[in-house]
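Colleague: Following this message is one structure expressed as structure tokens.
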């Protein structure tokens, strides 16, 4: 007698890789009190140290303010959404028995408007998480976006690594091995590079050659920033360029001081 049942082995382990990276969502910029939180965080900021350290401290101060703001806003929106749905259900029950009054019709339209706005925020966040571009921006099939998010998570998930012929699942060991791999890949192995001597090679004029080493100008810094994709970010943990472009008047001098210091010293600490 044969059985078609296959035994399953379930292994449970802690997959805590540390705090989740902070990321700005474009829907936040549409909230009425978002700018107030950012401006208040900047007004209360007093930076010290080199330009790169001051910029890092300013962004960190804004990030901490936005994290607490986000928790408060999301909890409020959940309560508001439940209240709106309850009011709509009540009005639907009333409409079954009689025609709605002018005031009730206005209340119903306002509830639908507010509910659509909240659902629009959710849809924009899901699109940004899925990193998908659609020809029709009006497509509201959330199942597709959720599918993209789940597939990305499955592809990016690292349950473990084989290190020295041993399967390792401990997060600290995995992060250490990944960091060591990229450190070895990008390590400079050639100490003295050979010099290239070309006879009769075309050279830049002294004026053009000098223009390559002049200090950074505010105009070209702004141009470089605004040419970057708005949904892109300088790193995996931080603010996207959409946020930086919107508040460029606040960060312009910080970026200029940072690159001016880099031009003089050749290093960026933060």
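Colleague: Which residues, taken from the range 241-267, are assigned to a loop (DSSP other than H, G, I, E, B) and more than 16 Å from residue 60 (Cβ to Cβ)? Let's see the steps before the verdict.
Modeller: At the first step, the residues of the range 241-267 found to be assigned to a loop (DSSP other than H, G, I, E, B) are 247, 266-267.
Within the range 241-267, 266, 267 meet the criteria.
Colleague: When you scan the range 47-66, do you find a residue that is loosely packed, with under 11 Cβ neighbours inside 10 Å and closer than 30 Å to residue 254 by Cβ, even just one? Step through it out loud before you land on a result.
Modeller: Filtering the range 47-66 down to residues loosely packed, with under 11 Cβ neighbours inside 10 Å leaves 48.
Now restrict to residues that are closer than 30 Å to residue 254 by Cβ: 48.
Scanning the range 47-66, I find at least one residue that is loosely packed, with under 11 Cβ neighbours inside 10 Å and closer than 30 Å to residue 254 by Cβ, so the answer is yes.
Colleague: Given the criteria at pLDDT 80 or above, assigned to a loop (DSSP other than H, G, I, E, B), surrounded by 10 or more Cβ atoms within 10 Å (Cβ to Cβ) and more than 20 Å from the chain's Cα centre (by Cα), does residue 181 qualify?
Modeller: Values: at pLDDT 80 or above: yes; assigned to a loop (DSSP other than H, G, I, E, B): no; surrounded by 10 or more Cβ atoms within 10 Å (Cβ to Cβ): yes; more than 20 Å from the chain's Cα centre (by Cα): yes.
Criteria not met by residue 181.
Colleague: Just for the range 13-30: of the residues that are surrounded by fewer than 16 Cβ atoms within 10 Å (Cβ to Cβ), in contact with a helix residue (DSSP H, G or I) (Cβ under 8 Å, 6 or more places away or on another chain) and in a loop (DSSP other than H, G, I, E, B), which one is modelled with the lowest pLDDT?
Modeller: The qualifying residue modelled with the lowest pLDDT is 14.
The values are calculated or read from the model by the stated rules, or taken from the named source; none is laboratory data. These numbers come from a predicted model, not from an experiment. No Cβ is skipped: glycine too gets one built from the backbone with ideal geometry, and neighbour counts run over all protein chains shown.
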